[in-house]
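Chemist: Please see the structure below; I have some questions.
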């Protein structure tokens, strides 16, 4: 049984710019003070350097081709948790419970489910180099290289693990992972939808509109 007091578990978050909007900064501060976690925020430049240093040139190039901040956040979270293990939590959330208790007894990891979909707003992997994350990173790279869709959800987002889990041939790679219903996770990781940036052009959902610009950057 794992102890809920394990010191300095990684807690990663991402915001694409150095200057973080006030509403997001206030939410992130609720995670900064959570006991037993080492809170680390990365922006796009920091994430780019991290991926180049720790994951490799192909992953680095794929990250550079992500032109939407949500894609960058998706790709970075997989890489950070693969390289170091720990927790990733989206920036549009606030701490509202005992995070340590959510992962305390989990030997491999915790994923959140929304009905039949595997979410990635909250991710926990106990150990570095988890084979599931290795496969997710590889699939994200292939999706970016192939420009398979203009839908971030499918290219780098929850669509990757959702499709993997729904494929019976790939499902065994999830063995040992605990799935928590979104209602359970939300008691501790409170998702905020009432944020100004979600109504701006920077929100990834804007790319779903007909005639919207490509989510990919030409290098």
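Chemist: Any idea how many residues of the stretch 187-213 are at pLDDT 95 or above and not in a strand (DSSP E or B)?
Modeler: 2
Chemist: Can you name every residue in the stretch 142-185 that is in contact with a strand residue (DSSP E or B) (Cβ under 9 Å, 6 or more places away or on another chain) and within 19 Å of residue 105 (Cα to Cα)?
Modeler: Passing the criteria: 174, 176, 177, 178, 179, 180, 181, 182, 184, 185.
Chemist: Given the conditions (1) assigned to a helix (DSSP H, G or I); (2) more than 27 Å from residue 154 (Cα to Cα), and given that residue 38 satisfies all but one, which numbered condition is not satisfied?
Modeler: Checking residue 38 against (1) assigned to a helix (DSSP H, G or I); (2) more than 27 Å from residue 154 (Cα to Cα), the one that fails is (1).
Chemist: Also, quick follow-up: Quick one: is residue 133 in contact with a strand residue (DSSP E or B) (Cβ under 7 Å, 6 or more places away or on another chain), more than 23 Å from residue 148 (Cβ to Cβ) and in a helix (DSSP H, G or I)?
Modeler: Here the answer is no, as residue 133 does not meet what is asked.
Chemist: Checking the conditions here, which among 100, 59 is buried (at least 19 other Cβ atoms within 10 Å of the Cβ), modelled with pLDDT of 95 or more, over 17 Å from the mean Cα position of the chain (by Cα) and not in a strand (DSSP E or B)?
Modeler: Exactly one residue qualifies, and that residue is 100.
Chemist: Still on this structure, I have one more. How many residues, within the stretch 162-184, are part of a loop (DSSP other than H, G, I, E, B), farther than 26 Å from residue 93 by Cβ and out of contact with any helix residue (DSSP H, G or I) (no Cβ under 7 Å at 6 or more places or on another chain)?
Modeler: 4
Chemist: Only one of these conditions is not met by residue 65: (1) closer than 19 Å to residue 137 by Cα; (2) touching a residue at least 24 places away in the same chain (Cβ under 8 Å); (3) within 17 Å of the chain's Cα centre (by Cα); (4) surrounded by fewer than 21 Cβ atoms within 10 Å (Cβ to Cβ). Which number is it?
Modeler: Here residue 65 clears every test but (3).
Chemist: Going by the conditions given, is residue 53 farther than 22 Å from residue 192 by Cβ and more than 18 Å from the chain's Cα centre (by Cα)?
Modeler: Judged against the criteria, residue 53 is a match.
Chemist: Among the residues of the stretch 68-117, which ones are without any contact (Cβ under 8 Å) to a residue 60 or more places away in the chain and under 19 Å from residue 190 (Cα atoms)?
Modeler: 73, 115, 117, listed by residue number.
Chemist: Quick one: is residue 128 closer than 23 Å to residue 58 by Cβ, under 16 Å from the mean Cα position of the chain (by Cα), in contact (Cβ under 8 Å) with a residue 40 or more places away in the chain and surrounded by fewer than 18 Cβ atoms within 10 Å (Cβ to Cβ)?
Modeler: Here the answer is yes, as residue 128 does meet what is asked.
The values are calculated or read from the model by the stated rules, or taken from the named source; none is laboratory data. Everything numeric in this text was worked out from a predicted model, so none of it was measured. No Cβ is skipped: glycine too gets one built from the backbone with ideal geometry, and neighbour counts run over all protein chains shown.
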